1. Using only alpha-carbon positions, what ratio does the radius of gyration of segment 346-393 give when scaled by 2.2 N^0.38 Å?
2. Which residues in segment 284-324 place their backbone N less than 11 Å from a point set 7 Å from the Cα of Ala495 along the Cα-to-Cβ direction?
3. Tell me, how many Å apart are the Cα centres for segment 55-100 and for segment 211-283?
4. Kirkwood hydrodynamic radius, segment 19-119, all distinct C-alpha pairs: what's the number in Å?
5. Nearest 20 debye, what's the magnitude of the dipole of the chain about its Cα centre given +1 on Lys and Arg Cβ and -1 on Asp and Glu Cβ?
6. Loop-only GluC sites (Glu not before Pro) in segment 356-413, please: DSSP not H, G, I, E or B, and at most 16 other Cβ atoms within 10 Å.
7. Counting helices only, and only those DSSP H runs with n ≥ 4, report the 222 nm mean residue ellipticity of the chain as the sum of -39,500 (n - 2.57) divided by its residues, in deg cm²/dmol to the nearest 500.
8. Based on alpha-carbon positions alone, could you give the equivalent ellipsoid semi-axes of segment 335-421 from the gyration tensor, as √(5λ), descending, whole Å?
Amino acid sequence: MNIGLLLSLAGLASLAGVLAGVRWPRLWLALTVGGALTALGAALAVLLGAAAWNWQSEFSVGGEPLHFRLDGLSALFLVLVAVVGGAGAIYAREYWPDAHSPSAARRSRIWWSAFVLSMGLVLTVSNGLHFLMAWEIFALCGYFLITLDGERSGVRAAGWLYLVASHAGTMALFAFFTALASLTGGWDLGPMRDQAGLAPLFWLALFGFGMKAGFFPLHIWLPSAHAKSPSHVSAIMSGVAIKMGLYGIVRFSGWLPVPAAAGWVVIGLGAVSALLGIAFAFAQNDVKRLLAYCSVENMGVIMIGVGVALLASVRGHALWGQLALAGALLHVWNHGAFKSLLFFGSGSILHATGTREMSRLGGLARTMPWTAGLFALGSIAAAGLPPLNGFISEWLIYLGLFDTVTTEANPPWIAIPAVVLLATAGALALAAFAKACSTIFLGAPRTKAASHAHECGNWMRGPMLALAGVCALAGLAPFLFWPAISRAVAAWNPAWTAAEIPAPLMTLGAAQMILAMVVTLAAAWLGRQARANGLQRRPTWDCGYAAPTARIQYTGGSFAGIASSWFGWVLQPERKLRRPRGYFPTEAIRLERVPETVLERVIAPVAERVMWLSNAARRRQHGRLQFYILYLVAGLVALGLLVILGGLR
């Protein structure tokens, strides 16, 4: 199979999609899906045994020859780009049609194709200068997708925050690549593990790529960008775009030497991100912000696996490092599948009710059974429960962590706290998604919009069903995915050659299949018994109220109170309380808001100080020449005094 030809066709299809998106939506959809399938074919060919593709031009762009490479690692991420890129394009046909806003729909198509193309370039380009160019295009396309609904001030603010954070990371990457080019004598990229002097550059890469990956505390842009953007954009941002940051960390930690402390730091950042990310998620009332913070948690889970692999690489232990890295890379796929499914589901809810606030929903399972079922399936996967895919990848990471303790004479102490924090994060994830599903889909509708909700159409339902199928397949038959994951692991560290399918993975796959069959048969039997006995609907116990209303139901805030009490030191919730007064109270209010603590409590005060100093300096620039001369003379006098005092000593 000609990998280069397939990638060229995929790139041309995306480029043509940019042009077709202006006036021909059906042609754009055909080109986008066709390009995605072509790229998927190229990536799967490499993952399933074809030789890595490598091509270098004889001409230059910006003074450097073009160099493209597709190996097992970049192919793994390219699969995610292709699957979610194609599914999101289909979903957008109904969710973001021309009838909604012709101008916004047209811009959505153009920037979607450019976004997918730029991510493909980031994954395949193998030259530092061209990587920076592709990275900048990728960042700008993301900004224009986030701000599609730019008439709202909140959307514009989220877009600007994303852009500022992206360019803060880009500045670190610019320093990283220029220093790398200076030390190696060229911009070409590839394995350089034998050059020990490059190890300190890892910290620049960790910050630059970490800003895009969105792990704690570099996640400041992520919640607002994912919540404010259209849901199909949220899906590709969370399911794919933040993985480009992870790709950079994994790629360059494999190509370059890393400091001895790198594994410890990455595990620590991952554990903190997993725990605090899901704590913030649990406290949210906006379903899309909940999903966004859940992405922060999952980035932490993946970072733990990568950190364990870095420790294993330094210590020369392949077995537990290979298991942890395999779990991390499989979780890249799994998170991309179930998080895109969940954002598509939240888009269906928003499309039907016009709100993201869980406290204004309820009872949607009756009017939106497909969305309810698919969202519940994605929630089970996101919570890491069997028999779905999230359980498999987290289990592999746990296995790597356990092996560091049981097989090492002097195990790294950080493995045990990482296991504890990861388990705590898993428990909170289950609670967070139990809250989301019960508040949104169960009980009675809390508003008229919720009571008049309607199910989504086939264009939105089809991509959700496809992603749900991926979640189920990866959970029930994980051994089918092992050859591809093993090829990606071997691309990261050639010494960790592709291994056979671990026996526990086969056993776990069989156990998951049996569990799924038992649950399915039990549900079928219970349904049959209910129908045979005559199923009747009755009101739930009303606690003695003569006229119960939807307002007496549990709300998202009721669940979140637990997280607010446990993690109040970092959540720092803001409350507004007005108690009922008198014998016949007319009004009572209890409002609670969880701020973005890092942004509002740390960065914002520092930014205000910087702005105050800048304004103070600006007041000195009033255009009066005599004052400028005075400043110059004062500076010369101060410099002279320093010289004299230094000479006296």
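The values are calculated or read from the model by the stated rules, or taken from the named source; none is laboratory data. Since this is a predicted model, take the numbers as computed values, not measurements. Quick reminder, even Gly has a Cβ in these numbers, built from the backbone with ideal geometry, and neighbours come from all protein chains shown. Heads up: the accessible areas ignore ligands, DNA and RNA and are worked out on the full protein's heavy atoms, side chains in. Shrake-Rupley method; radii C 1.70, N 1.55, O 1.52, S 1.80 Å.
1. On the way: Rg = 12.5 Å, N = 48, 2.2 N^0.38 = 9.6 Å.
Cα-based Rg divided by the globular estimate yields 1.30.
2. In segment 284-324, the label zone of Ala495 (backbone N under 11 Å from the point 7 Å along Cα→Cβ) covers 312-319.
3. 20 Å
4. Every distinct Cα pair counted, the radius reaches 15.0 Å.
5. Using only the charged Cβ atoms, the result is roughly 2260 debye.
6. Passing sites in segment 356-413 are Glu408.
7. -23500 deg cm²/dmol
8. Numbers: eigenvalues 292, 32, 18 Å².
Semi-axes from the Cα gyration tensor: 38, 13, 9 Å.
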